[in-house]
Amino acid sequence: MLNPVIVFLISSASLTIPSVSLNKCNVPISSLRTYDVPLFFHAGAKISEKSFVKARGGRMIFRDKENVKVVCPIGKTNVNTVTKRIQCLNSKFVDDGQYKDLKDIKCQNSRSPVPITKVVGHCKNAFLTVSVGFQIDDVFLNRIESCYDNNTRLPLYTKSILDKSVSTCPTGRTGWYSTGTFRIMLPENIEDIYTIERQRQTVNQLLGLPLNDQSFIGDGHMYFARGHLTPKCDFTYPSEQRLTHNYFNAAPQWQQFNAGNWKVLEARIKDFVTKSTTFDYIVVYTGTYGITKFNNIDIYLYNGQNIHAVPVPQYFWKIIYEPISKKATVFVINNNPKRIKTQAICTSFCDTLGWLMKAAFQPRNIMKGITFCCAYTELISIIPNLPDIKVLGSLL
Ligand SMILES: *[C@@H]1O[C@H](CO)[C@@H](O)[C@H](O)[C@H]1NC(C)=O
């Protein structure tokens, strides 16, 4: 195999480009956009987090002659997942004797790899740890871990890994997982309680207002969205992005804030990680705290005869944690649109975070959601349900 070395002469300085194998497979993740893209694993090792093909800098790289496992989980345990092998050869992939592009390797019948959830233990003493991921034969590939309150039917927080993969996040809308192992135990389907019409009725019933009153849940942005805790765009594969649409990873978030500072925060954190020269990935915890009050009354999205469930959190928070240096920073956003004067929840230092303060991030703008940047050590005395992690300083 020839490894051509290309030399450019620029002014009098010569610049040598490292030799590259022209035969390896170099696939931009932006070419893998549809939900029926399988999960790819380097075939030299067992199926694991380590052999899962990631897209550092937005590209998947395979060596020439490397074998690749193609996996389409079907959302069941104890069933062999349909798996085949393809080979990277001369920059293309050989599948069943034919040369193909990776984007043309698909799951059967245009199906997306199907995720499942399972309860794997406990968190914060009494709450359930629910893992969301893909079952691949006897290996479970965990993508999101949710610390879930089975009484309120709301996650306390989720945990996920954010690495340097740059994903092209599809903007198309897809349904939410709410059946099978994704089912939330409520007397009715959780999908229905999030509709704007139902929110209006539920809130007005709690407040003793006419059911169609629009002073709280109105038109435009005046409603609670199914706010993702772990963001969709923190994942690489379309099927991973899709699995974020589940109720172990969601809580009612005021739409204006969801589309305001929270959205900018998610994008800036992703950018911060992608551009870092000191670490390869961070652990992200995203959670909820407190109950929003309207007219001094606690707001729930489910108000049944015997249970109040799915409380509207007063705050959303997000910890970014770099596990090697053990540095962390916590962002807290107010989620009560009626509390115009939000007291500072911590000694906020957003102004010192150059990577965050640019663009549209406006932490003092009440229309976009008042946001604070806090030290973990200060905030854990105020929000006791933060995960217990060892923190040695702020991640700046
Ligand atoms: C969660 O709560 C529901 C309803 O109270 C109950 O039926 C179910 O057994 C609980 N699940 C777990 C894993 O504790």
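The values are calculated or read from the model by the stated rules, or taken from the named source; none is laboratory data. Computed from a prediction, not measured in an experiment: that's the story for all the values here. We place every Cβ from the backbone using ideal geometry, glycine too, and count neighbours over all the protein chains shown.
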*asked:* Just to be sure I understand the filter: pairs with C-beta atoms under 9 Å, separated by 6 or more residues or on different chains, first member in the stretch 168-187 and free of Cβ contacts under 8 Å to residues at least 24 places away in the same chain, second member surrounded by 12 or more Cβ atoms within 10 Å (Cβ to Cβ) and in a helix (DSSP H, G or I). Which pairs pass?
replied: R183/I190; R183/Y247
*When residues of the stretch 100-129 are filtered for being of a type in the set (A, V, I, L, M, F, W, C) and in contact with a Cys (Cβ under 8 Å, 6 or more places away or on another chain), how many remain?*
5
*asked:* Conditions first: (1) touching a His at 6+ places or on another chain (Cβ under 9 Å); (2) in contact (Cβ under 8 Å) with a residue 60 or more places away in the chain. T129 passes all but one, so which condition is the exception?
replied: (2)
*Within the set of pairs 6+ apart or on separate chains, which have a first residue in the stretch 259-270 that is modelled with pLDDT of 95 or more, a second that is among the polar types (S, T, N, Q), and C-beta atoms under 6 Å apart?*
N261/T371
*L356 versus (1) surrounded by 18 or more Cβ atoms within 10 Å (Cβ to Cβ); (2) assigned by the TED database to the domain that holds Y194; (3) assigned to a loop (DSSP other than H, G, I, E, B); (4) touching a residue at least 60 places away in the same chain (Cβ under 8 Å): which is the lone unmet condition?*
(3)
*Which residue, of K318, K390, K338, is buried (at least 20 other Cβ atoms within 10 Å of the Cβ) and charged (D, E, K, R)?*
K318
*Taking D137 as the residue in question, decide whether it is closer than 16 Å to F52 by Cβ, away from the ligand (no atom under 16 Å from the Cβ) and acidic (D, E).*
yes
*Name the residues in the stretch 181-198 that are within 16 Å of the ligand (Cβ to nearest atom) and in a loop (DSSP other than H, G, I, E, B), would you?*
R183, I184, M185, L186, P187, E188, N189
*Could you say which residue among R242, R198 is surrounded by fewer than 19 Cβ atoms within 10 Å (Cβ to Cβ), under 30 Å from V114 (Cβ atoms), in contact with a strand residue (DSSP E or B) (Cβ under 9 Å, 6 or more places away or on another chain) and of a type outside the set (A, V, I, L, M)?*
R198
_Between S30, S110, S91, which is surrounded by 15 or more Cβ atoms within 10 Å (Cβ to Cβ), at pLDDT below 95 and not assigned by the TED database to the domain that holds R143?_
S91
*asked:* Condition first: assigned by the TED database to the domain that holds I320, more than 19 Å from the chain's Cα centre (by Cα) and among the polar types (S, T, N, Q). Can you find one or more residues in the stretch 137-147 that meet it?
replied: no
*When the residues of the stretch 315-353 are filtered to those that are more than 20 Å from G290 (Cβ to Cβ) and assigned to a loop (DSSP other than H, G, I, E, B), which remaining residue is farthest from the chain's Cα centre (by Cα)?*
F349
_Among the listed residues K69, K76, identify the single one that is within 28 Å of D137 (Cβ to Cβ), modelled with pLDDT under 90 and basic (K, R)._
K76
*Does D213 satisfy the criteria of being assigned by the TED database to the domain that holds N295, more than 30 Å from T83 (Cα to Cα) and within 16 Å of the ligand (Cβ to nearest atom)?*
no
_Boolean, G97 is free of Cβ contacts under 8 Å to residues at least 12 places away in the same chain and in the same structural domain as C233 (by the TED database)_ = no
*Odd one out for L154 among (1) crowded, with 22+ Cβ neighbours inside 10 Å; (2) in contact with a Cys (Cβ under 7 Å, 6 or more places away or on another chain)*: (2)
*Counting only residues that are out of contact with any Leu (no Cβ under 8 Å at 6 or more places or on another chain), of a type in the set (V, I, T) and either at pLDDT below 95 or not in a strand (DSSP E or B) (or both), how many does the stretch 115-139 have?*
1
*Determine which single condition T117 fails, assuming it passes every other condition in (1) more than 16 Å from the ligand (Cβ to nearest atom); (2) in contact with a helix residue (DSSP H, G or I) (Cβ under 6 Å, 6 or more places away or on another chain).*
(1)
_What are the pairs with Cβ atoms under 7 angstrom where one residue, in the stretch 321-347, is in contact (Cβ under 8 Å) with a residue 60 or more places away in the chain and under 18 Å from T371 (Cα atoms) and the other, located anywhere, is outside any strand (DSSP E or B) and aromatic (F, W, Y)? Sequence gap at least six, or different chains._
A328/Y376; I333/F257; I333/W262; N335/F257
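Take the residues in the stretch 140-165 that are among the polar types (S, T, N, Q) and modelled with pLDDT of 95 or more; name whichever of them is nearest to the ligand (Cβ to nearest atom).
First pass over the stretch 140-165, keeping only residues among the polar types (S, T, N, Q): 142, 146, 150-152, 158, 160, 165.
In the following step, the residues that additionally are modelled with pLDDT of 95 or more were identified as 142, 146, 150-152, 158, 160.
Numbers: N142: 18, S146: 13, N150: 4, N151: 7, T152: 11, T158: 17, S160: 22 Å.
Among residues in the stretch 140-165 that are among the polar types (S, T, N, Q) and modelled with pLDDT of 95 or more, the one nearest to the ligand (Cβ to nearest atom) is N150.
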*Out of all the residues in the stretch 22-67, which are in a loop (DSSP other than H, G, I, E, B) and basic (K, R)?*
K24, R33, K46, K50, K54, R63, K65
